[in-house]
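One structure is given below, encoded as structure tokens.
Only the coordinates and a few stated rules stand behind these numbers; no lab work does. Please read these numbers as outputs of a predicted model, since none were measured by experiment. Quick reminder, even Gly has a Cβ in these numbers, built from the backbone with ideal geometry, and neighbours come from all protein chains shown.
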Amino acid sequence: MKAEPPVPQSAANQNAAPATAPRSRSSAAKITLLACAVLLFAGFFALGSWQLKRLQWKLDLIQRVDARVHAPAVKAPGPQQWPHITAESDEYRHVSVSGNYLYALTTRVQAATELGGGYWLLTPLRSADGSTVLVNRGFVPTATPESVVVVAESAPVIVNGLLRISEPGGGFLRHNDPAGNRWYSRDVQAIAAARGLDRAAPYFVDAEAVRQPAAQEIGDGLRPVAGLTVIAFHNSHLVYALTWYALALMVAGACYWVVREERKLPRKDGNTTGNAAGKDQSESEDGKQN
């Protein structure tokens, strides 16, 4: 029997399964990934810059409010100015109002203060021109006697305090109930309507604390505790800005890593192909020599 000639090594290599090597992504995939990375980076960077602008706005607001609070008291806006009252331009302005208290129309509004739970006492103050401003006379505990809430009519008074914007709707996860006389926020319009007040200002005034005689100090239960206005602004814009910028840097870093790895792939493929071709040529020459 005649022996079959040996199969050339190069032919065997051609039939063998090709060596597995990392493949480079297609151009369309690269463009899509790059576009997504650019959009994410631009979005995160824009959000960070927006938070920095918000931070500057908040700092300016705090500075303006601080200046209003410590400025000398000015006459509270009258009816002609009511349509132009805004929180940005007028809230926490140090104002002065004068007139007669209508104690019988006092409204208790639920409150939580540093002194505990209780009520704010909002009493209408009627001016000489017939207009009315609700004045927050201060805080009283829950078990305060009615003699502190409603007192005898008095002579005209002058009240200094901070102008506050109405708080419509309610608070403490509850809605105001005018019919049941249950109030959870200082909703000026609703209280004025419930008490039948006409020409009521669209704001109320937090009365400032007045030094009382030793026998009537704060907490003695003889009168409402005024001057408990809390002026605080939530200001986390810098933290938010740093967070967005960090996310933008993470996207940029991930993009750089992917590009670096993609640049390595063609060189690996080329080296693998070259080595394989050289090996096939060497084995082919060995076969011929045999």
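Find out how many positive minus negative residues lie around ALA128, taking Lys and Arg as positive, Asp and Glu as negative, among other residues whose Cβ is under 14 Å from that of ALA128. Present the calculation step by step, with values, prior to reporting the outcome.
Values: positive: LYS75, ARG126, ARG199; negative: ASP129.
Overall, the nearby charge balance is +2.
Determine, at each q value in 0.14, 0.17 (inverse angstroms), the log₁₀ of I(q)/I(0) that the Debye formula gives when each Cα of segment 37-148 is one equal point scatterer.
Taken in order of the listed q values, log10 I(q)/I(0) reads -0.80, -1.00.
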